[in-house]
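Everything below concerns the one structure shown next.
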Amino acid sequence: MIRLMIVDDSAVIRGQLQQLFGAEPDFSVLCCGSGEEALAAMGQFDPHVVTLDVNMPGIDGLATLARIMTEQPRPVVMISALTESRARTTVEALAMGAVDCIPKPHLAEASSIMRQRVIAKVRNAATAHVSAAHVVAPNRHATDRRPQRRPETPSSDGLPDGLVLIGVSTGGPRVLEKILPALPEEFPFPVVVCQHMPEAFTASFARRMDELTRLRVGEVARPTPLRRGHIFIARGDADIQIVRRGNTLVAMPRPMSPHHRWHPSVDLMVKGALESFDPRRIIGVQLTGMGDDGVSAMRSLHERGGRTIAESEASATIYGMPQGLVRAGAANAVLHANEVADCLCEWAQDLMAEQTWVS
């Protein structure tokens, strides 16, 4: 039995969520109308997973999350209204330790498919590995946290010297904040990230990462040439395709494929790159997440001479996606999240040296 605590100041939302999960035989539900009430009930109810409203009076969502993650850590799924400011707050919550996010549902009008997606996200989150950590509350009065960068110089069209493709799902924002800011300003390859996340949050996530990294980060909302010095975040509730146009690699959003379960699809991203670029110059990275999205395509990448990294179970919030790559025998390296950036730099240097030697 999964013990679920629903925390929301809206009686309507509490009622809708309680009705949704109360109909599931494997859920036991407790509803709380405030952060204070939730924290007081935490010890006695001992939930396996918590859904937490972003914006509440009194102790708000971020403050409640910080208390949970430092005092009684457990998986938390943020529930957020679809506004820009709430999206920014939700992305901060994911960086603080929340494992997933859901747009605030209008369940009375939602399709059965949407209802099942909400249930699946919460059920999956209940299996996530979380641990106590020092959580720093966000500073909303900070001005510009962006690391110092050299002015960007115009770049001519041309294929990149290499390409990094990252697939990640539940627990991804927090692990990406360990990896992407550790990449140096001179990292020679463009990086494309497929993070399973609703469209309402990917633009805010890209802006947050742009503040934290030495490389420039942006959401792929239109056809975009892939250039070094940049990290490209796939748009949520869509898929991303990598194609070759003349002598340029381009990332472009496309409608969600009905043949793939998770979006943006890691499999489609990698398959497109394999059709458009030398596999031997591609590095694939499979990080935390439920399911097997990306395993098939990254296995093909490995078989065709590319290099692949799977996050280790020790650091993954949910080991499904990287474990699939390991079980397929298609991971060149199995690494703790803290080791991934160094490996990317080392392999990129190797590939650059090989190209120099060949030329």
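No value in this document is a laboratory result; all are computed from the given coordinates. Since this is a predicted model, take the numbers as computed values, not measurements. Cβ atoms come from the backbone with ideal geometry, glycine included; neighbour counts cover every protein chain shown.
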- Item | Those residues of the range 247-261 whose amide nitrogen sits under 15 Å from the label point placed on ASP161, 7 Å along Cα→Cβ | none
- Task: Compute the long axis of helix 11-22 from its Cα atoms, compare it with the longest principal axis of the Cα atoms of the chain, and write down the angle in degrees, 0 to 90, nearest 10.
- Result: 80
- Mind listing the phi-derived Karplus ³J(HN,Hα) values for the range 115-122, rounded to whole Hz, using 6.51, -1.76 and 1.60 with θ = phi - 60°, and x for any glycine or proline? 4, 5, 5, 4, 4, 5, 4, 5
- Could you give me the ³J(HN,Hα) list for the range 221-229, computed from phi with Karplus coefficients 6.51, -1.76, 1.60 and θ = phi - 60°, whole Hz, x at Gly and Pro? 9, 7, x, 9, x, 8, 10, 5, x
- Item | the range 2-125: radius of gyration and largest Cα-Cα distance (Dmax), Å | 13.1, 37
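Below 12 angstrom from the Cβ of VAL243, what's the summed charge of the other residues (Lys, Arg +1; Asp, Glu -1)?
Working: positive: ARG244, ARG245, ARG254, LYS271; negative: GLU275.
Residues near VAL243 contribute +3 overall.
In which sequence would ARG307, ARG261, ARG174 go, from the one with the fewest C-beta neighbours within 10 Å to the one with the most?
Details: ARG307 24, ARG261 12, ARG174 18.
Going from least to most buried by this count: ARG261, ARG174, ARG307.
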- Cα centre as origin, Lys/Arg/Asp/Glu Cβ charges: the range 2-125 dipole, Debye: 320
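List the relative contact order of the chain as a percent without decimals, with contacts defined as Cα pairs under 8 Å and 6+ residues apart. All intermediate terms of the calculation are to be shown ahead of the outcome.
Working: 773 pairs, mean separation 45.4, N = 359.
Computed over the chain, the figure is 13 percent.
Could you please report the charge total around PRO255, scoring K, R as +1 and D, E as -1 over all other residues with beta-carbon less than 13 angstrom from its beta-carbon? Mind showing how you got there, number by number?
Numbers: positive: ARG235, ARG254; negative: GLU199, ASP237, ASP239.
It works out to a net charge of -1.
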- Once you list every other residue whose beta carbon is under 13 Å from the beta carbon of MET69, what net charge do they have if Lys and Arg are +1 and Asp and Glu are -1? +1
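Relative contact order (percent) for the range 2-125, with alpha-carbon contacts under 8 angstrom and 6 or more residues of separation? Can you show the working numbers first?
Values: 201 pairs, mean separation 29.5, N = 124.
24 percent.
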- Message: What's the magnitude of the charge dipole for the range 163-358 around its Cα centre, counting Lys and Arg as +1 and Asp and Glu as -1 at the beta-carbon? Answer in Debye, nearest 20.
- Response: 520
- Query: Leaving out same-chain residues fewer than 8 places away, which lysines sit with a Cα under 22 Å from that of LYS121?
  - Reply: LYS104
- Take every DSSP beta bridge whose two residues both sit in the range 163-358, then give the antiparallel share in percent to the nearest 5. 25
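What does the extension gain come out to for ARG222 and CYS345, with contour length at 0.36 nm per residue minus their alpha carbon separation?
Working: separation 123, 0.36 × 123 = 44.28 nm, distance 2.83 nm.
Extra length available between ARG222 and CYS345 comes to 41.4 nm.
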- Message: Give me LEU39, LEU335 sorted ascending by neighbouring Cβ count inside 10 Å, so fewest comes first.
- Response: LEU39, LEU335
- Message: Quick one: the Cα spread of the chain along its three principal axes, in angstroms, biggest first?
- Response: 66, 43, 36
- Task: Provide the per-residue ³J(HN,Hα) series for the range 70-80, in order, calculated from phi with Karplus coefficients 6.51, -1.76, 1.60 and θ = phi - 60°, each as a whole number of Hz, with x at glycine and proline positions.
- Result: 8, 9, 9, x, 6, x, 10, 10, 7, 10, 10
- Message: Rg and Dmax in Å for the range 163-358, alpha carbons only: what are they?
- Response: 14.9, 46
- Message: Just to be sure I understand: of the beta bridges DSSP finds with both ends in the chain, what percent are antiparallel, rounded to 5?
- Response: 15
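About the Cα centre of the chain, how large is the charge dipole given +1 on each Lys and Arg Cβ and -1 on each Asp and Glu Cβ? Please answer in debye to the nearest 20. It would help to have the intermediate numbers written out before the result.
Details: 37 positive and 40 negative charges, 121 e Å.
For the chain, the charge dipole is close to 580 debye.
How would you order 349-355, 66-72, 3-9 from highest to lowest mean count of nearby Cβ atoms within 10 Å? Show your work: numbers first, answer last.
Values: 349-355: 13.4, 66-72: 17.4, 3-9: 23.7.
Those peptides, ordered most packed to least, come out 3-9, 66-72, 349-355.
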